1. Pairs only if they're at least six apart or on different chains, beta carbon under 6 angstrom, first in the range 123-142 and at negative phi, second in a loop (DSSP other than H, G, I, E, B) and open to solvent by 90 Å² or more (accessible area, probe 1.4 Å); list them, first residue then second.
2. Assess whether ALA46 counts as being at pLDDT 95 or above, more than 13 Å from the chain's Cα centre (by Cα) and open to solvent by less than 80 Å² (accessible area, probe 1.4 Å).
3. Looking at (1) within 24 Å of ILE7 (Cβ to Cβ); (2) acidic (Asp, Glu); (3) at pLDDT 95 or above, can you tell me which one GLU101 breaks?
4. From the list GLU63, GLU8, GLU48, GLU33, which residue is acidic (Asp, Glu) and touching a helix residue (DSSP H, G or I) at 6+ places or on another chain (Cβ under 8 Å)?
5. Taking the residues in the range 74-93 that are charged (D, E, K, R) and modelled with pLDDT under 95 as candidates, determine which candidate is farthest from GLU139 (Cα to Cα).
6. Looking only at residues in the range 12-30 that are under 16 Å from VAL70 (Cβ atoms) and at pLDDT 95 or above, which one is surrounded by the most Cβ atoms within 10 Å (Cβ to Cβ)?
7. Could you tell me which numbered condition LYS118 fails, if it satisfies all but one of (1) open to solvent by 40 Å² or more (accessible area, probe 1.4 Å); (2) over 16 Å from GLU139 (Cα atoms)?
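The values are calculated or read from the model by the stated rules, or taken from the named source; none is laboratory data. As the structure is a prediction and not an experimental result, all values here were calculated from the model. Cβ atoms come from the backbone with ideal geometry, glycine included; neighbour counts cover every protein chain shown. Each accessible area value is taken on the protein alone, full model and side chains, heavy atoms only, with ligands, DNA and RNA left out. Shrake-Rupley method; radii C 1.70, N 1.55, O 1.52, S 1.80 Å.
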Amino acid sequence: MLRIVQIEDEATLLDWQRVHNEIIPTAPLSVDEIRERATRNVLEVAYEGDVLVGCSTVRPPSEETTAAVVIARVLPAYRRRGFGTALYEHCLRRGRELADEIETHILSSNTDGLRFAKAQGFVEVETYLLPGDTIPFVELRL
C-alpha cells in the first residue's frame, strides 16, 4: 500500500531531495532550495510501508501558466508496480483543486516518465532548456 505524506521534517525533506535529484540529475536541488519551494508548492514523498519509492510536486497556477503543474516521480527500481499511477492520481486530484488545466514537466531523457505521461493523456506542448543544461525538459498538457 502506498503512503503519501507532505514533507514535514528533515527526514521527509531529504527523502524528497533524494528522489528528485536521482530522477533529475541535471537540476539537483539543495535542502534550502527545497525548503523555499515548499512555501509555494505541495511537496510529498511516497512510501511502500517504510520504503521510499517516489516523490511529487504540485504547483499552483502562476504568472507563467494558468495550469496547475503535477509531477510524480518514481525511483526506477519501483516503476511498473502501480506506484506511479497512484501517486499521479493523488497529485491530479490536488491539481484539479487549484486549476482546470493541468501540465507536467519531464526531463527528456526520462523515457519512462514521458511514456507514462502520454499514456495518461498528456500531449507535448514545448521542449525547453534550463540555463546551462544540455538535456531539455518537455512540457506536456492534459
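1. PRO136/LEU129
2. The answer is no for ALA46.
3. (1)
4. The unique qualifying residue is GLU48.
5. ARG81
6. Within the range 12-30, the match that is surrounded by the most Cβ atoms within 10 Å (Cβ to Cβ) is TRP16.
7. The single condition LYS118 does not satisfy is (2).
Results for (1) open to solvent by less than 10 Å² (accessible area, probe 1.4 Å); (2) more than 20 Å from GLN6 (Cβ to Cβ); (3) β-branched (Val, Ile, Thr); (4) touching a Lys or Arg at 6+ places or on another chain (Cβ under 7 Å), shown as yes or no for each residue.
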| site | (1), (2), (3), (4) |
| --- | --- |
| CYS55 | yes, no, no, yes |
| THR66 | no, yes, yes, no |
| ARG81 | no, yes, no, no |
| SER108 | no, yes, no, no |
